[in-house]
1. Among the listed pairs 110/143; 58/105; 56/92; 56/98, which have their C-alpha atoms separated by more than 30 angstrom in this model?
2. Most exposed first by the Cβ proxy, i.e. fewest other Cβ within 10 Å, how do 38, 93, 75, 145 rank?
Amino acid sequence: MKALTTLLLAVAFAFGTVACSKGPEPVPEKSQPTFDDVKKQSEEALKTIGDFTSDKLKAYQKQLFAKLDEMDKKVVELQGKMEQQAPHVQEKVREKLKDLAAKIKEARAKFSDTDLTANSAESWEKLKAGAETLLSDLGKAYKDVLDAMQESSKGAQR
């Protein structure tokens, strides 16, 4: 019996030693991202940026067309006022109005054909600068028509 107790103690000791020596479970190492992982994340980021830029371009294009629509209405108003003027005033202003209407039409065509998938900051800035310059030119042309109409009207009153 003493031998059996010693044997059981030896087995228990051996089992305890093996169980305790195992130590904590190893922590799996974090795997390093692969080239494909990085590529996929980069593509997703670029798509998100492209979508944002495209949305921004569409919104800007909508604002631009609203301004061009407003200019069209002003041209129609000026044509109505011109028709009420003396013939020599009409003659002088008609060409300027015609030029202004052509510029508005040209601007609308140019920005209708604009590639809205342009997804770089540089192309966005070029588009915006071109549109701002064009709107400024249209504003000056409109003012020229108004000035011509006022000058001709004053000349007729003298």
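All of the numbers you see were taken from the coordinates with simple rules; none came from a lab. If you're wondering where the values come from, they're calculated on a predicted model, not measured in any experiment. Please note: Cβ atoms are built from the backbone with ideal geometry, for glycine as well, and neighbour counts cover all protein chains shown.
1. Table pairs above 30 Å Cα-Cα are 56/92; 56/98.
2. 38, 75, 145, 93
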